[in-house]
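To start, the structure itself, in structure tokens.
The values are calculated or read from the model by the stated rules, or taken from the named source; none is laboratory data. Everything quoted here is computed from the prediction, not taken from an experiment. All Cβ positions, even for glycine, are placed from backbone atoms using ideal geometry, and neighbour counts span all protein chains on display. For the accessible areas, the whole protein counts, side chains as well, though only heavy atoms, and no ligand, DNA or RNA atoms are used. Shrake-Rupley method; radii C 1.70, N 1.55, O 1.52, S 1.80 Å.
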Amino acid sequence: MFRKLLISSFLACTSIGVAQEFVSDSLLVKFKDGTEVPAAAANLTFGARVNKFISGAELSVLKLPAGRTVPQALTYYRGLDCVQYAEPNYKFKLHHTPNDPQFGQQYQFIQAKFPEAWDLWKGSTNTVVAVIDTGCDLTHPDLQSKLVSGFDFSDNDSDPSDGDGHGTHCCGNVGAATNNAIGVAGGAYNCKVMPLKIFPNATSDVIIAAWRWGADNGAKVFSMSFGRGGGPSQAEQDALNYAKGKGVVHVVSAGNNNSSTLGYPQLYSGVLVVGATNSQDQKAGFSNWGPGVHVAAGGDNQLSTMIGGYTRMGGTSMSCPVVAGLAGLMVSRGPNLTPDQIIARIKSTCDPVGNWVVHGRINAFKAMQQAAPPVTNTYNALTVTRYYGGAMLGGIAQVQSSDNSYAMINSAPSTVGAMAGAYTTYRMTGDRSKMLSLSVSVEARGAANSTGMLYLWNWTTLKYEYVAAFGVKLTDATTNVLVNNATKYMDSSGNVKAILRAHVPKRFGSSPFPFAIDMTRLSGTFRQ
């Protein structure tokens, strides 16, 4: 009776309203480290054998004996101390929907401002987008020049040729050769496409292997137009996390059930879920919707490559690679951006198309503006005058470059010991709305035991505030002080006022020393 309750509980908790299927004689098991002997004994006792081992994930794909069911195997393996987790080997399905031939060709790119984005950046051949699907027409005249080596994980060979057409259509949306006077365009323009074939045998172990292989072989974006029902898989989430750790952006289609109920990988953390709009920039009738659908792109009857030619297809399967192409452009222009930052920028730059999708329909032009490498501008000091100490030797000309020509102030006794200091002013002329960071650079020398300190004028409180210490020794040292909450330290014209001072604490005596400033300037980093 207890065994039946366990099995019923498993089936109930994995049913989420999306049709679920798993391989009837297979199980994914991750044994704990150092448990090889009890793991082998457990398999022998149950009658299972290791059919495949996914290295790196340390995941055993077990073949169950005749007469044993997956729920029985889950009950057995989850009860063992040597098992970290045990899960079904789920089957995945492509997201298809019937064609609706009423829309113009490739509106998916015009609608989302890709031509304007290409004016900013056309991608790099060093960036690879993996299309994990049914493969690709490897000899297609609009794709052949854009492909890098892929793999067929469905049949475990090196030929990811497409026998279905779904994958070829998705590959075209990502990276069909653009501006080549034939066929159609691809969103990622100059970026390369890696076909990873997982269908028709798309089970969890096949997809996990594809995710890890793609990440290990240089892909920076995954386009995933498939899904499944059932519950979450730790093995699948681990593989996605592994790829993300290597810098891969995960883009996945929402599904085509006109429902708010999603499956997997849509519900995993760290993925960007894509719904579909039509050519009128409205929700496509088939598209899934709701709080789990993050962004949208054109996916209803849009034109792309097909085996041996071109055709129109519809579905969130088609909108997903449009967004993956945008992600590829962004990765190639901002290679230091993390996957989370790429996704956040895509979300934050969407155009509203209704409350069925959380952030809206993608705007490639706006997103690419935020993907550009930041620009750093430097602003020389405008004035330098004595703040504390003896008379200043030198002036503004001496502090505008690093040239061993100094503005020098001799220290005087103070309540903190011996101290010297200077007032400086700067003007930041960049666009404050795009400012990412502000810093003050100081190159100076003082005494052996002296400490430099930076104060900035707060235009709200009308007082100088201590910001940070900087190094001042017997020889020149340069320090860059990052200024937090920088806008309060500049007026509407960008003027910044500072005090640069150096002091030797009383415990080291009050012998006079020269505070020599070689260079000081303001640096602002801005989003393009």
Stokes-Einstein D for region 386-528 (37 °C, 0.692 mPa s, Kirkwood Rh from Cα pairs), in µm²/s, comes to 213
Once the Cβ-Cβ distance between residue 157 and residue 41 is put in as r, and R0 is 41 Å, what FRET efficiency do you end up with, to the nearest 0.05? 0.75
Sorted by chain and number, the residues with a modelled amide H under 5 Å from that of residue 472, at a separation of 5 or more or across chains, are 452
By how many nm would the segment from residue 377 to residue 480 lengthen if fully extended, with 0.36 nm per residue of separation less the alpha-carbon distance? 35.7 nm
Write down the radius of gyration of region 149-299 and its Dmax, each obtained from C-alpha positions, in Å. 15.5, 47
Which one, 460, 360, 305, is farthest towards the positive end of the dipole of the chain when Lys and Arg carry +1 and Asp and Glu -1 on their Cβ? 460
Could you state the number of Å between the C-alpha centres of region 217-254 and region 55-80? 23
Given pairs 246/488; 473/497; 32/91; 52/122 and cut-off 30 Å on Cα-Cα distance, the over-length ones are 246/488; 52/122
Heavy-atom accessible area per residue of region 433-528, all protein chains kept, 1.4 Å probe, expressed in Å², is 45
Using a 1.4 angstrom probe on the protein heavy atoms only, line up 68, 521, 78, 228 by accessible area, largest first. 78, 68, 521, 228
Restricting to the chain, what percent of DSSP beta bridges are antiparallel, rounded to 5? 75
So what is the diffusion coefficient of region 251-337 in µm² per second by Stokes-Einstein at 25 °C and 0.890 mPa s, using a Kirkwood Rh over Cα pairs? 184
Among 449-458, 211-220, 319-328, how do they line up by average Cβ neighbours within 10 Å per residue, starting with the highest? 319-328, 211-220, 449-458
Spelling out what I want: for every residue of region 433-438, take phi, set θ = phi - 60°, compute 6.51 cos²θ - 1.76 cosθ + 1.60 (Karplus), and round to whole Hz; glycine and proline get x. 5, 10, 6, 9, 7, 9
Take every Cα-Cα pair in the chain and report what % of them are more than 35 Å apart. 50
Nearest-10 value in Å² for the accessible area of residue 432, using the 1.4 Å probe: 80
Percent carbon-and-sulfur accessible area, the chain, ignoring ligands, DNA and RNA, probe 1.4 Å: 51
Relative to the present Cα-Cα distance, how much length would full extension add between residue 416 and residue 179 at 0.36 nm per residue of separation? 78.4 nm
Need one value: the accessible area of residue 311 in square angstrom, 1.4 angstrom probe, rounded to the nearest 10. 50
In degrees rounded to 10, the 0-90 angle between helix 316-333 Cα long axis and the longest Cα principal axis of the chain is 30
Considering only protein heavy atoms, with the full assembly of protein chains and a 1.4 angstrom probe, order 164, 238 by accessible area, largest first. 164, 238
Reduced to Cα centres, the span from region 480-511 to region 118-137 in Å works out to 48
Residues in region 325-365, backbone N under 18 Å from the label point at residue 116 (7 Å along the Cα-to-beta-carbon vector): list them, ranges by number please. 326-327, 329-330, 345-354, 360-365
